[in-house]
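Every number in this text was worked out from the coordinates using simple rules, so none of it is lab data. As the structure is a prediction and not an experimental result, all values here were calculated from the model. With ideal geometry, Cβ positions are generated from the backbone for all residues, glycine too; neighbour counts draw on all protein chains shown.
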Amino acid sequence: MTATDGADLPEDTLDNGESRGISVLRNGIAVLRAFAVDEPLLGVSEIAAKVGLHKSTVSRILATLESEGLVDRDPSTRRFRLGLGVIAMAGPLLADLDVRRVAYPVLHDLSRLTGETSALMVWDGGEAVCVEQVPSSHQVKHTTPLGTRYNTAASSSVQVFLAQLEPFAVRSLLMKGAIDLPGLTEGTLDAYLVRLGDVADRGYATNYGETSLEEVGVAAPVFDHRGDAVAAVLLSAPRFRVSTDQLELLQGAVKRAAADITARLGGA
């Protein structure tokens, strides 16, 4: 379905000022939506072909959008791109975006898909804190009360957050005892930093019975539109239910869920 020029609308619609105003608004929105990541620069003819409007109509719309800072014209090619005014309009939404609200439906789907408990974790200086949870439907399950804090180095959510920090900051937290790494020596610390590097490369962390022999945890980072790690998706399951093959499936599911929440937050 393409946008229509006012000249193509039925006569009774044109006589109605309100309907005509709505049509103009829809046409303007259609022009803005014509721009895409793979097509950031567009000419008048290209936009007209995309949205099904006359070139003269598109030119008038672009002139209005340009005056409001919603599109910019490239001086060398005379083609258009989205302007910074679009970001300014989205600012109040981005500021009010609650990661818990955005994440909940994704956590629900993750728990339903895997049959295990999903949770959303945030970082508070030196601890991972549970702020949302969808329990497993199984009778035997691992759940975490909201507000529970974790500072154990082997915890999958802790690994995810630490993997976003500079090695010096991680080393400082470990040396101060803020993060609990049993048998801390220079060698174990260096080995742990290597492990965090692997976590950053893979995009997820695993705790296979390291903090509790009966539990498996898989976590992946969630990023906001600035590229900051604002949360982590955590999936917890009894170890007896998770074989090596099943662990790979859980890792993939958690990573996809985190990427979904990241996309909803405008991240990449």
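Counting every Cα pair in the stretch 37-108, what percent are over 19 Å apart?
Working: 1240 of 2556 pairs.
That tail contains 49 percent of the Cα-Cα pairs.
Once amide H atoms are built 1.01 Å from N in the peptide plane, which residues 5 or more positions from Glu132, or in another chain, come under 5 Å H to H?
Leu120
Quick one: compute the contact order of the chain, relative version, from alpha carbon pairs under 8 angstrom and 6+ residues apart, as a percent. All intermediate terms of the calculation are to be shown ahead of the outcome.
Numbers: 418 pairs, mean separation 37.8, N = 268.
Relative contact order here is 14 percent.
In the chain, which longest range has no GluC sites (Glu not before Pro) that are both DSSP loop (not H, G, I, E or B) and surrounded by at most 14 other Cβ atoms within 10 Å? Intermediate results must be reported in sequence, preceding the final value.
Numbers: sites that count: Glu68, Glu214.
In the chain, the maximal stretch lacking such sites is 69-213.
Among (1) -0.20, -0.64; (2) -0.33, -0.86; (3) -0.40, -0.79, which is the computed log10 I(q)/I(0) by the Debye sum over Cα atoms at q = 0.07, 0.12 Å⁻¹?
Here log10 I(q)/I(0) by the Debye sum over Cα atoms at q = 0.07, 0.12 Å⁻¹ agrees with entry (3).
In whole Hz, with x marking every Gly and Pro, tabulate ³J(HN,Hα) for the stretch 205-218 from phi via Karplus 6.51 cos²θ - 1.76 cosθ + 1.60, θ = phi - 60°.
Rounded to whole hertz, the list is 10, 10, 10, 9, x, 7, 8, 8, 4, 9, 10, 10, x, 10.
Size of the dipole of the chain about the Cα centre, Lys and Arg at +1 and Asp and Glu at -1 on the beta carbon, nothing else charged, in debye to 20? Present the calculation step by step, with values, prior to reporting the outcome.
On the way: 25 positive and 34 negative charges, 18 e Å.
That gives the chain a dipole magnitude of about 80 debye.
Find the centroid of the Cα atoms in the stretch 161-188 and in the stretch 194-241, then give the distance between the two in whole Å.
Spelled out, the Cα-based centre of one part sits 17 Å from the other.
Using alpha carbon coordinates only, what is the Rg to Rh ratio of the stretch 116-225, with Rh defined as the Kirkwood radius? Show your work: numbers first, answer last.
Numbers: Rg = 13.9 Å, Rh = 14.4 Å.
Using Cα coordinates only, the ratio equals 0.96.
Can you list the HN-Hα couplings for the stretch 69-80, worked out from phi with the Karplus curve (6.51, -1.76, 1.60; θ = phi - 60°), rounded to whole Hz and with x for Gly and Pro?
x, 8, 9, 10, 9, 5, x, 8, 9, 6, 8, 10
Please list the non-local residues whose amide H lies under 5 Å from the amide H of Asp180, H modeled 1.01 Å from N, same-chain partners needing a gap of 5 or more.
Under 5 Å from the amide H of Asp180: Thr152, Ala153.
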